[in-house]
Structures are given as structure tokens and as C-alpha cells.
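**Student:** Before I ask anything, let me first share the structure, which is written out below as C-alpha cells.
The values are calculated or read from the model by the stated rules, or taken from the named source; none is laboratory data. The model shown is predicted, which means the values in this text are computed figures rather than measured ones. Positions of Cβ are generated from backbone atoms using ideal geometry, with glycine treated the same way; all protein chains shown enter the neighbour counts. Calculation scope for accessible area: heavy atoms of the full protein, side chains included, ligands and nucleic acids excluded. Shrake-Rupley method; radii C 1.70, N 1.55, O 1.52, S 1.80 Å.
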Amino acid sequence: MPQDLHSLLCTESPNMFFDDLDGNACCDWIWGLCHSWQNQKDHLPSQEPVSDNSGSNSLMGFPLLSEERVKQMIETGEEYLPNNGYNSRLRTEELMLSVRSEAVDWILKASIHHGFGPLSVYLSVNYLDRFLSLCEFPGQDWIVQLLAVSCLSIAAKMDEVYVPHVVDLQELVGKPEFLFEAKSIKAMELMIMSRLKWRLHSSSTPYAYIDYFLNKTNNNYHFLSSASSKSIQLILSTIKDIQFLEFRPSEIAAAVAISVSMEMQSIDRDKIDRVVKCVELIEDLSLSSDQCGATTPNFI
């Protein structure tokens, strides 16, 4: 049963969150975020892609994954997903959906402003969704912003080279509606991490899998270099749409890799659709045979 967040805040940190309140489009943010991230990368020492003995390349900076490691990550991936029923709540509870949308919008704006990378953005939204799935959210604006700031702060510490002070993290264009002291943000961070059982690893995002699946489609370095950039943008574009909460990070990464490969290698989508339809019919046929106990002659 999700716990009421307002009572949780008051119980665990009385007055901590109330003392310091000060004062009363999709493609644009994707390109803005990628552009600011690229500018930050341009000022860092250049790095060659990581390669294994088979010639496969890793362009996202993660260790190259073996088949066994991918299976292990998928098996343990449930620990990094929102609780069951969260997506249904978002579809039926207008307030919950509004809270999530507002928090995600703030995370995106702040990430562009501070030049954070796509992994930090995805991680922070992952923390947000998992935390919201555990709570009954009251919907006060200041709590929404405090939650967004705290999730981004945790994610930035996990991935970024340089992380602004938590107070500076809140300073975007213009004066923020609420400005929280460091003690409030740190208390909220601890609450989030505790509720998430300290499971904060980057394997909870599609970025941990994208190199693996891109290498499966084509391990040519020039293809991978371009495909990686396109994949980063596509993965980022999924975070605002709650439909993608139905899928695991590995499934999103696989779908993105296939989509990018089809586009870049000029694969006829109609042919792919026909193959998918054939696979579905074969699966239906297999299921029907199992249920009816039907047997067919063995010619092998």
C-alpha cells in the first residue's frame, strides 16, 4: 500500500522541509539536452571507444556486456522498476500524472541549464517514478519541486563529473518559486534513497544495454558512432510518455536499436512487419497445438 507522502515528510523530518520555502515541447528539450551534453563532452579529454577481443565497441562508456551478464541484469531488473500498478495510477489519477509531468519538466530544464548528460536525466526520472509508486502524493507544488531537485541531485552525483551545490542546482533562468536549503534537500535525498533501498545503479536505464543491442545489429564502428547518437535522443524522448513505463529498460534499448538500425540501413519496414506478423502467427499456432494436444508427424 503506498504511504502518504505528506505524513512521511512530517514524521521523518518534522519542520525540516517547511522552514526554508522562499516566496510564494518535446523535440526542443531533447535537442537542447543533447547539445548541452555535447558541449560538456567537448571540454573533456577525448576517449577512444572501448573494444573487446571480438571488435565490438562500447560508445556509451559502459563495460561491454556478455550474454550472461545481460541475462543477469534482466533478471534483477525488477528491483529497479516502479511498483506494480503505478502506470494504472498515472492513467486514472489526474493529480498523480500532473505531479509526474511537472517534476519531469523541471528535471529536463535543470539538466539543460547545468549541462547534465542523458544518463543523469534518465536516472533521476527513474528515481522519481519508483518513489512516487511507493507514495500517495498530496500534490503541493513545493513538494513536487523538492522531489524533483532531490532526484536530480542524487542522479548527478552518480554520473556527472561536476555537480553544482544543491542550492545552486535550483537556480535556473529567473527566480525559482521555491528555494530549498541544503539541509532540506539532503534530508529528502536520504528519504528517497532509503525508500528505494539504495538501489541506484545505472543498469536501471536503457543506456546500460544500448551498446549491446546496437552491436547485435551491426558492429561496424562508423555505423555505431552515428547510431549511438540517434539512440541517445530516442531513449530520452521516451521519458515523458507514460506508455513506456510498461517496458523494461532492456526492452526499450532493444526497440531503439532495431528502430535506428532499420532507419540507417534502409531496411524495408513492410518486410519487417511481415516477418513480425509471421512470428506472431507461428506463436499462435504453437500455443493452439499445445492447448489441443495436437501432434504432427516428425519428418526429421
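**Student:** How much length is gained on full extension from Gln140 to Glu67, taking 0.36 nm per residue of separation minus their Cα-Cα distance? If you can, show how the numbers build up before the last one.
**Tutor:** Values: separation 73, 0.36 × 73 = 26.28 nm, distance 4.54 nm.
Once the chain is fully extended between Gln140 and Glu67, it gains 21.7 nm.
**Student:** Under a 1.4 Å probe, what is the accessible area of the stretch 81-202 per residue, stated in Å²? Don't skip to the answer; put the middle values down first.
**Tutor:** On the way: 4930 Å² over 122 residues.
Value returned for the stretch 81-202: 40 Å² of accessible area per residue.
**Student:** Can you tell me how much longer the chain between Glu263 and Ser288 gets when fully stretched, taken as 0.36 nm per residue apart minus their C-alpha distance, in nm with one decimal?
**Tutor:** 5.5 nm
**Student:** Measure off, as a whole percent, the carbon and sulfur share of the 1.4 Å-probe accessible area of the stretch 81-202, all protein chains present.
**Tutor:** In the stretch 81-202, the share of accessible area belonging to carbon and sulfur is 52 percent.
**Student:** Sticking with this one: Let me make sure I get this right: for the stretch 81-202, a, b and c are the square roots of the gyration tensor eigenvalues over alpha carbons, sorted descending. Under 1.5 in a/c it's rounded, otherwise prolate if a/b > b/c, else oblate. Which is it?
**Tutor:** Prolate is the answer for the stretch 81-202, as a/c is 1.5 or above and a/b outweighs b/c.
**Student:** Would you please put 187-193, 122-128, 71-77 in order of how densely packed they are, using the mean number of other Cβ atoms within 10 angstrom per residue and starting with the highest?
**Tutor:** 122-128, 187-193, 71-77
**Student:** Using 0.36 nm per residue, how much length does the chain from Glu251 to Arg274 gain when fully extended, once their Cα-Cα distance is taken away?
**Tutor:** Details: separation 23, 0.36 × 23 = 8.28 nm, distance 2.06 nm.
Stretched fully, the Glu251-Arg274 segment lengthens by 6.2 nm.
**Student:** Round to the nearest 10 and report in Å² the accessible area of Ile258, as given by a 1.4 Å probe over the protein chains' heavy atoms.
**Tutor:** Surface open to solvent at Ile258 totals about 90 Å².
**Student:** Take peptides 90-102, 154-166 and line them up by average Cβ neighbours within 10 Å, highest first, as a rough protection proxy.
**Tutor:** Details: 90-102: 15.8, 154-166: 17.3.
Ranking the peptides 90-102, 154-166 by packing returns 154-166, 90-102.
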